[in-house]
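A short reminder: the numbers here are calculations on the coordinates, not readings from a lab. Since we're looking at a predicted model, the values are computed, not measured. A quick note on method: Cβ atoms are made from the backbone with ideal geometry, for glycine too, and the neighbour counts reach across all protein chains shown.
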Amino acid sequence: DSHSGTSSQQQQQQQLNTTTTTTRLLATLATHEGASVLCVRWSQSGHYLASAGDDGHVLLYCQKKAQPTLETITNNTNNTEHWARIRTCRGHNLDVVGLAWGNEDRFLASCSLDADTPIIIWKLYDCGLVGIPGYDIAKARTTNPSISSSILSPFQILGRSIHTSAVKGIAWDPIGKYLISSGDDPAICVWRTTGEEDSWGLEARIDSGIFATHHLDNTNNNNNNNNTKEHPTELANLTLFRRISFSLDGSHLCATNASIKGKNIAAMISREGWAISGGGGGSSTATATNNAANLIGHRQPIVASRHLPILLSHNTNTTNTNNNKRNITTTTTTDNNKKRKFHDEDDDTEPSYASIIALGDKRGFVTVWSTKSSRPIFKIQASEKSKCTITDLAWTTTTSSSTGAILLVSMLDGYIASFQFTWDELGGPPLDFERKSRLFRLRYGIELLPTDNGDIRIQSGGNDET
């Protein structure tokens, strides 16, 4: 999608057009009255936008062809695009700090600082939203009398008495089987989100030492507070957000706000047994695997992560060059037989590919990593002047899919930084649909069907994945 959404603590959201090198403001939404907006997320289809604020509300929007009525105002008559509020989700009592859309926009998850409702699941597919691009609330009420209110009530409440502190991060498994939450307890919880309503529940709880809180030792300071040394985990716990992220292939989860041996890390938790590299395992059955790793390179606590929503092709025959101080990988083929094998792999073999993830820390540094490299492929301090914390990250593609991707970085000082990458700079072109479809079919027993709005995943039996 060529649109991006931003949030601020000035009670409004803004839509930006990123199809050109010059950004253009499309719309300003000021529907969180008297509240700060803490998170915005696009739905997977791109039809809907969700926002969360410290008023405890989650609001849903869709684009309208004409200026909305007073019922669904956007509070700005100068908007280039017209966006209407179509649902108000009420259930949290305190700040809502995280959002995550489920597969095919069927569910929306939100997390809050509220201990009574730490995680709420909002059911969307039976309330008139899913499957109706350009949703018209008046028309929907006429055709479906059961849709009588714009207020949406919780479908599920998770985490109560399981998370013993505020939940500040949430991410949905791209396969749609699990929901992941991250809290200040500190713990990572894995929740089942398939089957009947009573089958939803806790699958695993990861209480690793890398997330543990370390209290400061002041015994030798002689009451001199200037000599007190802050442990990385103490700093990590003093954050409002824990922006965790699931990889597009579903193989691993990136958990932020972690440290090991005094170093700040992003923990890549393996889907296989929810294993962690170092600092103890996840669940009681977790064992070390090659898919679990720690990304080390930030001096300050890592507070935000976001995977590129595209898998990239990868060839083991690569040569590294340097261009404008970036690491660029150029794919080469030595002979026709290898080239033919690269494009015509066996139907029972998973393709070679790479996942890309961006990380942001409390001092404004941003790094970009690839699963095919042990070092970051890009690093920069986005907030050069204020050196303030990163609040969120987002990826979008450029106008031409053959060009590359754009990383958007929001910061606490109110600024947004944009970084454009070519596919070569990220390691290779996007994985084609046939190979991506084969990957999901072999690993999860899921068939992908191409549509105008992306890939729709359809369970076709087969593998009973873990």
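Listing for the model above:
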{"item": "Under-5 Å amide H pairs with His82, H placed in peptide plane, nonlocal only", "result": "Lys64"}
{"item": "Built amide H within the under 5 Å cut-off of Phe378, gap 5+", "result": "Val368"}
{"item": "HN-Hα J in Hz across region 105-121 - Karplus 6.51, -1.76, 1.60, θ = phi - 60°, x for Gly and Pro", "result": "6, 6, 9, 10, 10, 9, 10, 9, 6, 7, 6, 6, 9, x, 9, 10, 9"}
{"item": "Additional length obtainable on full extension of the chain from Leu202 to Thr88, 0.36 nm per residue less Cα span", "result": "38.3 nm"}
{"item": "Mean Cβ neighbour count within 10 Å, used as a protection proxy, ranking 240-246, 42-48 highest first", "result": "240-246, 42-48"}
{"item": "Using θ = phi - 60° and Karplus 6.51 cos²θ - 1.76 cosθ + 1.60, couplings along region 38-51 (whole Hz; Gly, Pro as x)", "result": "10, 6, 10, 8, 7, 6, 5, 6, x, 7, 10, 10, 10, 10"}
{"item": "Simple spin-label estimate for Arg375 and Phe433 in nanometres, 7 Å along Cα-Cβ", "result": "3.9 nm"}
{"item": "Nearest-0.05 FRET efficiency for Tyr125 and Glu81, computed from C-beta distance (R0 22 Å)", "result": "0.30"}
{"item": "Ordering of 172-179, 86-93, 300-307 by burial proxy (mean other Cβ atoms within 10 Å per residue, highest first)", "result": "300-307, 172-179, 86-93"}
{"item": "For region 359-418: rounded, prolate or oblate by the Cα gyration tensor [a/c cutoff 1.5]", "result": "oblate"}
{"item": "Projected label distance in nm at Glu33 and Arg299, using a 7 Å step from Cα toward the beta-carbon", "result": "4.7 nm"}
